[in-house]
Amino acid sequence: MFTTTPELEATVSPEHAEEAYRRTYDWFGTHREVMTESGAQLQPVTTATSVTHGAHGPVVADGPFSEAKEVSGGFQVIDVPDLDAAIEIVKTWPLLELPGVTVEIRPIVVY
């Protein structure tokens, strides 16, 4: 799940943001093999791991990030064997270089 804040828009030039979004489009093409089409339900936020922009690269933290005040940009199901694999893929997401951007990783509900 991708979230952003109004501070992002105030601190990043439109050109920088446009370039990051272009590279993100390319990123989805590169990682197409692990993306799945699914109507999956996400597990509760208590199962979340967050990856966010840090001064020296992506920062990983246990726990949820998304709250009512953030803007969620949807979610994508990534078919990987474990949380570590998901974190490694998410760390390469180009939008993580932008301040205020966080990706929340949650398992899906398995029936």
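Laboratory data are not the source of any read-out in this text; all were calculated from the coordinates shown. All of these numbers come straight from a predicted model, not from anything done at the bench. Note that each Cβ is placed from the backbone with ideal geometry, even for glycine, and that neighbours are counted across all protein chains shown.
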Next on the checklist: So for each of 49-58, 92-101 I average, over its residues, the number of other beta carbons within 10 Å; can you give me the resulting order with the highest mean first?
Outcome noted: 92-101, 49-58
Checklist outcome for this item: With R₀ set to 25 angstrom, the calculated FRET efficiency between the beta-carbons of R22 and L83, to the nearest 0.05, is 0.30
